[in-house]
Structure formats: C-alpha cells, structure tokens
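This report concerns only the one structure given below.
We did not get these values from a lab; they are worked out from the coordinates using the rules stated. Keep in mind it's a predicted model, so treat the numbers as computed, not measured. Glycine gets a Cβ as well: all are built from the backbone with ideal geometry, and neighbour counts include every protein chain shown.
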Amino acid sequence: SDVNPVLQAAGAVLELHRAEANSVRHIPITDFFLAYRRVAMIDDEILVNIHIPLQLSTNKTFLRSY
C-alpha cells in the first residue's frame with residue numbers, strides 16, 4: 001500500500017485481535033512487515049486499529065513560497 005511508508009515514518013503501532021483466544025497484541029509497524037507479501041500475523045488475527053502517535057513539537061514553522 002502507498003500509505004505503509006508514511007505509517008512507518010510516523011511510528012504507527014498496529015492493534016491485532018485474536019478471535020478465539022480473545023487476546024490483543026500491539027506490534028510496531030516496523031516489525032509487522034517481514035518480507036514481500038509476508039506479515040507478522042497469526043492465522044486467526046485481524047487488524048483492528050492503527051495507532052499513530054501525536055508528535056507534539058514546540059517548533060513552529062511557517063513557509064511561504066511564490
């Protein structure tokens with residue numbers, strides 16, 4: 001997906017749920033993709049949430065271009 005590099009740069013964390021075990025697992029998106037078409041999900045897991053941390057910064061930037 002085109003959004004995967006953006007989520008990696010933002011430090012996103014994925015929330016995975018297992019249907020039968022009733023458990024929740026959080027995994028950084030950098031650990032989620034293992035190889036081409038391979039992800040770190042167990043067979044009965046589903047992706048429920050993508051948490052993108054809010055980056056608070058004291059730096060203010062204004063850019064004007066013509």
Viscosity 1.002 mPa s, temperature 20 °C: give me the Stokes-Einstein translational D for the chain in µm²/s, with Rh taken as the Kirkwood radius over C-alpha pairs. 153 µm²/s
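So which trypsin sites (Lys or Arg not before Pro) in the range 25-66 end up in coil per DSSP with only 14 or fewer other C-beta atoms within 10 Å?
Details: sites: R25, R37, R38, K60, R64; in loops: R37, K60, R64.
Sites meeting the loop and neighbour criteria: R37, K60, R64.
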Taking 35 Å as R0, compute the FRET efficiency from the Cβ-Cβ separation of S23 and S57 and round it to 0.05. 0.50
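If r is the Cβ-Cβ distance from S65 to Q8 and R0 is 30 Å, what FRET efficiency results, to the nearest 0.05? All intermediate terms of the calculation are to be shown ahead of the outcome.
Details: r = 28 Å, r/R0 = 0.93.
Calculated transfer efficiency: 0.60.
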Sorted by average packing, counted as other Cβ atoms within 10 angstrom per residue and highest first, what order do 45-58, 2-15 take? 2-15, 45-58
